[in-house]
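Report on the following structure.
The values are calculated or read from the model by the stated rules, or taken from the named source; none is laboratory data. Since we're looking at a predicted model, the values are computed, not measured. Note: accessible area is taken over every heavy atom of the protein model, side chains too, but ligands, DNA and RNA are not part of it. Shrake-Rupley method; radii C 1.70, N 1.55, O 1.52, S 1.80 Å.
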Amino acid sequence: QVLFVESGGDLVQPGGSLRLSCAASISAFNTYSAGWYRQAPGKQRELVAQISSGGSTNYIDSVKDRFTISRDNFKNTVSLQMNSLKPEDTAVYYCNIARGSVIYWGQGTQVTVSS
């Protein structure tokens, strides 16, 4: 069983910034891809950003140039720096690590963007 510790979710005004972090208690973390997903009320969970075991990244179009995903394989963490936040970014954000058919999910952290 993998234990995740997610942090960083908060209430922020439009245009503000937040940094989400997710620490995973798992060996060989560096061999997993890692990502952040989000789920807004009434909507399906969607992939926001992903980083491969080799460090390659990809983002959904709506967050490109605003969000940055990174990983620290020494600390077993994956982070998401979110800038220029918009109300439509409001959602529960989940971290995820995967290797082949093995997928693990964090418990989620709430991000609310509102004035």
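Using only alpha-carbon positions in the chain, the gyration tensor eigenvalues give semi-axes of 23, 14, 13 Å once each is multiplied by 5 and square-rooted (largest first). Counted over the chain, the DSSP beta bridges are approximately 95% antiparallel.
Within the straight-line cut-off of under 20 Å between alpha carbons, the aspartates and glutamates reachable from K86 are D10, E46, D61, D65, sequence neighbours fewer than 8 places apart in one chain being disregarded.
The value of relative contact order for the chain, using C-alpha pairs under 8 Å at least six residues apart, is 35 percent. Of the solvent-accessible surface of the chain, computed with a 1.4 Å probe over protein heavy atoms with every protein chain present, carbon and sulfur atoms account for 47 percent.
Debye-formula intensities of the stretch 76-115, expressed as log10 I(q)/I(0) at q = 0.36 Å⁻¹, are -1.25 (one equal scatterer per alpha-carbon, no solvent).
Averaged over its residues, the chain has an accessible area of 54 Å² per residue, based on protein heavy atoms and a 1.4 Å probe. Distance from the C-alpha centroid of the stretch 3-18 to that of the stretch 38-69: 15 Å, rounded to the whole angstrom.
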